[in-house]
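All of the numbers you see were taken from the coordinates with simple rules; none came from a lab. These figures come from a predicted structure and were not determined experimentally. Here the Cβ is made from the backbone with ideal geometry for all residues, glycine too, and neighbour counts use every protein chain on show.
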Amino acid sequence: MTTTATPHSMLALSDEVAAALRDGAPVVALESTIISHGMPYPRNVEMAVEVEGIVRDGGAVPATIAVLDGVPRIGLSRDELEVLASHGDVAKVSLRDLPYIIATRAHGATTVAATMRLAALAGIRVFVTGGLGGVHRGAETTFDISADLTELGQTDVAVVSAGVKSILDIGLTLESLETLGVPVVGFGTNEFPSFYSRTSGHRAPMRVDSVEQLAAMMRAKWDLGLAGGISIANPVPVDDEIPADVIGALIEQALGECGQRGIHGKDITPFLLGRIVELSGGRSLETNIALVRSNARLGAALAVAWGQVS
Ligand code: PSU
Ligand code: MN
């Protein structure tokens, strides 16, 4: 059975991605906020190019997603990646920002939420990122809860991440995902990973050890009409991990500074990521890149497995 939906007419697909979707070949979506707001230049563009290569080596076509001059693009050229990575005026675009960025013909780098939606509109079902947004610490007073969660609750895309950073409240994030009906799967682990670390102090609600089982979950969920995504948490490789107590102290410091400086809303996550890179002397950046590589390998394998059952 082949499920080739026609991509939405407002999207601009690269020739390679358009051909792959037409042929029912494996495609992996990649987000762009991680490039523009998640890592410093030029490591960000080097990472983006390298990760696309890893997806290709894994037998799938990479589709990095962003809005350029107001056009949602599915699959970017090297030059377009460079613009996202280095251009000073690229907005961080979550779901609510899409209409404005399109109408004003601006550049926007898409978050997990916005990337999921554009991927689904293109007909892509597997998406690789670094870390998910979630419920921020103190959300009981700030209401700061990422639209990544509500999007996972309604859009049919499997999202591979390295879990949730402890800049967020991991326990509340997992509770919210349960409420939203989102399966949260530990890949080869009983413990839910916390991005830089393989541990978090929270159990993964379910565990799967093969991409064939993940693809079977996707098939079962969507055949049942259970709308929404699946969160696949892939722990950072052992050799690249930063132990939870080491990174925890740096996160506390960065969070304190965030409060003192009055940074809030969509600026919080980029500020914290940048500050943690500085405080760790660059070590967190290496870990971040390593986990995205690892997620790209898993995502490509999953897209191939999905192709067998879709
Ligand atoms: N977490 C990371 N790296 C990132 C992000 C989150 O470890 O780059 C980005 C993702 O694009 C995610 C977004 O979707 O931040 C969440 O932002 P907010 O909390 O403002 O929803
Ligand atoms: Mn937020």
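Below, the figures for the structure above:
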read-out: Debye, to nearest 20: dipole size of the chain, +1 on Lys, Arg Cβ, -1 on Asp, Glu Cβ; value: 360
read-out: Estimated vicinal HN-Hα couplings, Hz - region 27-43 in sequence order (Karplus 6.51, -1.76, 1.60; Gly, Pro = x); value: 9, 10, 7, 10, 8, 10, 4, 4, 7, 7, 10, x, 9, x, 6, x, 4
read-out: R0 of 41 Å, Cβ-Cβ distance N190-R137: FRET efficiency to nearest 0.05; value: 0.95
read-out: Modelled FRET efficiency - R0 22 Å, V71 with D156, Cβ distances, 0.05 increments; value: 0.40
read-out: In order through region 144-151: 3J(HN,Hα) via Karplus (6.51 cos²θ - 1.76 cosθ + 1.60), integer Hz, x for Gly, Pro; value: 7, 10, 5, 5, 4, 6, 5, 5
read-out: Distribution of pairwise C-alpha distances over region 155-204, 5 Å bins, in %; value: 5, 20, 33, 27, 12, 2
read-out: Between region 219-265 and region 115-159, the alpha-carbon center distance in angstrom; value: 12
read-out: Cβ-based charge dipole, the chain, positive-most Cα from V185, N44, G274; value: V185
read-out: Cβ-placed point charges (K, R +1; D, E -1), dipole of region 162-256 about Cα centre in debye, nearest 20; value: 280
read-out: Segment S210-T179, extension gain: residue separation times 0.36 nm, minus the distance between their alpha carbons; value: 8.6 nm
read-out: Efficiency of FRET between A227 and M10 - r from beta-carbon atoms, R0 22 angstrom, step 0.05; value: 0.55
read-out: In order through region 14-23: 3J(HN,Hα) via Karplus (6.51 cos²θ - 1.76 cosθ + 1.60), integer Hz, x for Gly, Pro; value: 5, 4, 5, 5, 4, 5, 4, 5, 5, 7
read-out: Inverse mean reciprocal Cα-Cα distance (Kirkwood Rh) of the chain, Å; value: 19.0
read-out: Local electrostatic count at S77 - Lys and Arg +1, Asp and Glu -1, tallied over other residues with Cβ under 11 Å; value: -4
read-out: Calculated SAXS-style log₁₀ I(q)/I(0) at q = 0.17, 0.27, 0.33 Å⁻¹ - region 17-59, Debye, Cα scatterers; value: -0.55, -0.93, -1.10
read-out: Full-extension gain in nm, E286 to V309, via 0.36 nm per residue minus C-alpha separation; value: 4.8 nm
read-out: Cα-based Rg of region 162-239 normalised by 2.2 N^0.38 Å, two decimals; value: 1.09
read-out: Estimated 222 nm signal from helices in the chain, with DSSP H stretches of n ≥ 4 weighted -39500 (n - 2.57), rounded to 500; value: -14000 deg cm²/dmol
